[in-house]
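J.: Quick one: this structure, given as structure tokens, is what I'll be asking you about.
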Amino acid sequence: MILRNCIGRAQSNIPRRYSDLMIALFLLLVGTYGSAVESAEFEEAQVHKNRPNIVLILADDLGVEGLSCYGGTSYHTPRLDRMAAEGMRFTQAYAQPLCTNTRIQLMTGQYNHRNWVAFGILDPRLKTFGHLLQNAGYRTCMAGKWQLTSYDPPDYPGAELRRGKGMRIEKAGFDQYSVWHAEHTEDKGPRYADPVIYQNGEFRQDTGGKYGEDLWVEFISDFLGEQRKRSEPFFVYYSMTLPHWPFVPTPKSREWGIEEEMHPPLGTTGGNVKFFPDMVTYLDEKVGQVLDAIEKNGFADNTLILFYSDNGTDRRVISKTMFGVVEGGKGLTTRAGTHVPLIARWPGVIPVGLNQNLVDSTDFLPTLLEFAQAPVPTELRLDGISFAAQLRNLPATPREWVFCHFDPQPGWDKEKFARQRFVQDTSYKLYETGLLYQIEQDPLEQMPLPESADTSKVRQRLQEVLDQVGGNGVQ
């Protein structure tokens, strides 16, 4: 009865703010609902299978409220829901609040304070999971959003120090690639209708009237078809552009083909948020087509598939869930900006169920290397903790906390952000400013806990992590 009454109050408070109680219930219940993963049928012998193929799919701006399998009710996501039903769904996966910050951590296994240069820049001296899996004998492929070579427009103060200084896709460790935003920002062009795509060393000239995600799924499907003739395992990194703004029609939208809807002026409204549901549904359809291509080419039984997101949903988007109303939190360090979906599937190896342990973006690289049976180069000093054993339901020591160094400057339009550092576990979050929140009950971080005997042990424990990891970057 209490929950029903709370939901009623939250739904009456649409559209421009959270119901604090409802989002707390949503995040709490999403993180605790369900049974433990099934284990009886999964023996340690599964570890000795051949090295799997690996497919990592990254959504662009999608919080947990965007998927039905996490309690969302605004969007149609049957393929991802099915993937979750057939695999393992993580309830405590976190990302950085913005895309570059997460993507650099994801590709390098290191926290941002150890390798940050500028927004939209990946230090070309770094090693990515593409390089490391190539070295381990994998054939590698990337499709979708790059945006790590150059970001600042030419008239932005200090741009001359950064323009073109990031890692080029040709040198990022991928045998095959088809990407958007490979060069300067002013040259990036559209990502959706009539996309500008740089593919294997040249710009495609045949994208008129086509849609970016369609072409990237075709590219991945062709790559998978080629792999049927080869003996080495493969790694596919599908860095989706959906459902990032501009909010525009998809090929399934009624407005597809209307020029002013498909190509709105950037830097203003970013299109119309009414198209966001279509974009999420189309994202789900494209994920499904990748899964179908894996099945069609005979790789399903030996392919690890991971679905993750780079940050929370755009703040202009209001979503409904079975627990209440959620306002997108992209750019915020609250759960609304950092709590993201993570789904893993490998039939016969990954058991079906929930995983309630903490995972962050630095954990992916060591996880992929463990599945690839490749040693972690000691000189990399990784911050991530592999969750490969957890995926196999083997004995593991999951991470006890997530550290965040969030500072997207320098970069165009990033002056509105200030550096924030914090460490959190599943219940509490401590900022380097000393503010402490009980995030299960206060996910919007509106009520900092006072310093008292009741919180002293929590403060001490989390402060020790901040001092150790935030101070020297060694985990």
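The values are calculated or read from the model by the stated rules, or taken from the named source; none is laboratory data. A quick note: this is a predicted structure, and the numbers were derived from the prediction, not measured. No Cβ is skipped: glycine too gets one built from the backbone with ideal geometry, and neighbour counts run over all protein chains shown.
Let's see how each residue does on (1) among the hydroxyl-bearing types (Ser, Thr, Tyr); (2) under 19 Å from the mean Cα position of the chain (by Cα); (3) at negative phi:
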position	(1), (2), (3)
LYS252	no, no, yes
ILE258	no, no, yes
PHE323	no, no, yes
GLU327	no, yes, yes
ALA336	no, yes, yes
VAL340	no, yes, yes
GLY348	no, no, no
LEU358	no, yes, yes
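J.: Being touching a residue at least 60 places away in the same chain (Cβ under 8 Å), closer than 27 Å to VAL287 by Cβ, assigned by TED's automatic domain parsing to the domain that holds ASN101 and β-branched (Val, Ile, Thr): is that true of THR140 here?
T.: When the stated conditions are applied, THR140 passes them.
J.: Right, something else. Going through GLY208, GLY225 one at a time, which residue ends up being in contact (Cβ under 8 Å) with a residue 12 or more places away in the chain and in a loop (DSSP other than H, G, I, E, B)?
T.: GLY208
J.: Looking at THR321, is it modelled with pLDDT under 95 and either assigned by TED's automatic domain parsing to the domain that holds LEU369 or in contact with a Pro (Cβ under 8 Å, 6 or more places away or on another chain) (or both)?
T.: In short, no.
J.: Of all the residues that make up segment 296-331, how many are over 18 Å from GLU86 (Cα atoms) and among the aromatic types (Phe, Trp, Tyr)?
T.: Matching residues across segment 296-331 total 1.
J.: Going through GLN92, GLN96 one at a time, which residue ends up being part of a loop (DSSP other than H, G, I, E, B) and more than 19 Å from VAL376 (Cβ to Cβ)?
T.: Result: GLN96 is the single residue among GLN92, GLN96 that is part of a loop (DSSP other than H, G, I, E, B) and more than 19 Å from VAL376 (Cβ to Cβ).
J.: What number goes with the only condition from (1) modelled with pLDDT under 95; (2) over 21 Å from the mean Cα position of the chain (by Cα); (3) surrounded by 11 or more Cβ atoms within 10 Å (Cβ to Cβ) that PRO443 does not pass?
T.: (2)
J.: Additional query: Go through segment 223-278 and report how many residues are under 27 Å from ALA293 (Cβ atoms), surrounded by fewer than 12 Cβ atoms within 10 Å (Cβ to Cβ) and of a type in the set (Ser, Thr, Tyr).
T.: 1
J.: Name, by its number, the condition in (1) within 27 Å of ASN101 (Cβ to Cβ); (2) in contact with a helix residue (DSSP H, G or I) (Cβ under 9 Å, 6 or more places away or on another chain) that does not hold for MET322.
T.: Failing condition for MET322: (1).
J.: If the Cβ limit is 6 Å and pairs must be 6+ apart or interchain, which residue in segment 306-322 that is surrounded by fewer than 24 Cβ atoms within 10 Å (Cβ to Cβ) pairs with which residue that is β-branched (Val, Ile, Thr)?
T.: Cβ pairs passing all conditions: ARG316/VAL273; SER319/VAL326; LYS320/THR73; MET322/THR73.
J.: Looking at GLY137, is it assigned to a loop (DSSP other than H, G, I, E, B) and at positive phi?
T.: yes
Quick grid of which residues meet (1) outside any helix (DSSP H, G or I); (2) under 28 Å from GLY137 (Cα atoms); (3) free of Cβ contacts under 8 Å to residues at least 60 places away in the same chain:
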{"position": "THR367", "(1), (2), (3)": "no, yes, yes"}
{"position": "GLN373", "(1), (2), (3)": "yes, yes, no"}
{"position": "PRO410", "(1), (2), (3)": "yes, no, no"}
{"position": "GLU445", "(1), (2), (3)": "yes, no, no"}
{"position": "ARG461", "(1), (2), (3)": "no, no, yes"}
{"position": "GLN468", "(1), (2), (3)": "no, no, yes"}
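J.: Within the bounds of segment 230-251, is there any residue that is in a strand (DSSP E or B), acidic (Asp, Glu) and modelled with pLDDT of 95 or more?
T.: Checking segment 230-251: not a single residue is in a strand (DSSP E or B), acidic (Asp, Glu) and modelled with pLDDT of 95 or more.
J.: Determine whether ARG163 is more than 29 Å from ILE318 (Cβ to Cβ) and out of contact with any strand residue (DSSP E or B) (no Cβ under 7 Å at 6 or more places or on another chain).
T.: It is true that ARG163 is more than 29 Å from ILE318 (Cβ to Cβ) and out of contact with any strand residue (DSSP E or B) (no Cβ under 7 Å at 6 or more places or on another chain).
J.: Examine segment 155-163 for a residue that is closer than 22 Å to HIS405 by Cβ and in a helix (DSSP H, G or I), and state whether such a residue exists.
T.: Within segment 155-163, one or more residues are closer than 22 Å to HIS405 by Cβ and in a helix (DSSP H, G or I).
J.: In segment 90-139, which residues are among the basic types (Lys, Arg) and either over 21 Å from ASP413 (Cα atoms) or in contact with a His (Cβ under 9 Å, 6 or more places away or on another chain) (or both)?
T.: Across segment 90-139, the qualifying residues are ARG114, ARG125, LYS127, ARG139.
J.: Take ARG191 and decide whether it is in a loop (DSSP other than H, G, I, E, B), in the same structural domain as THR128 (by TED's automatic domain parsing), loosely packed, with under 15 Cβ neighbours inside 10 Å and of a type outside the set (Gly, Ala, Ser).
T.: no
J.: For TRP216, state whether it is within 22 Å of SER150 (Cα to Cα), surrounded by 23 or more Cβ atoms within 10 Å (Cβ to Cβ) and not basic (Lys, Arg).
T.: yes
J.: Consider THR140 against the criteria (1) more than 18 Å from SER239 (Cα to Cα); (2) out of contact with any Pro (no Cβ under 6 Å at 6 or more places or on another chain): it satisfies all of them except one. Which criterion is unmet?
T.: Unmet for THR140, out of (1) more than 18 Å from SER239 (Cα to Cα); (2) out of contact with any Pro (no Cβ under 6 Å at 6 or more places or on another chain): (1).
J.: Still on this structure, please answer the following. Residues of segment 331-363 being within 22 Å of HIS113 (Cα to Cα) and surrounded by fewer than 24 Cβ atoms within 10 Å (Cβ to Cβ), which ones?
T.: Correct list: GLY331, LEU332, THR333, THR334, GLY337, LEU358.
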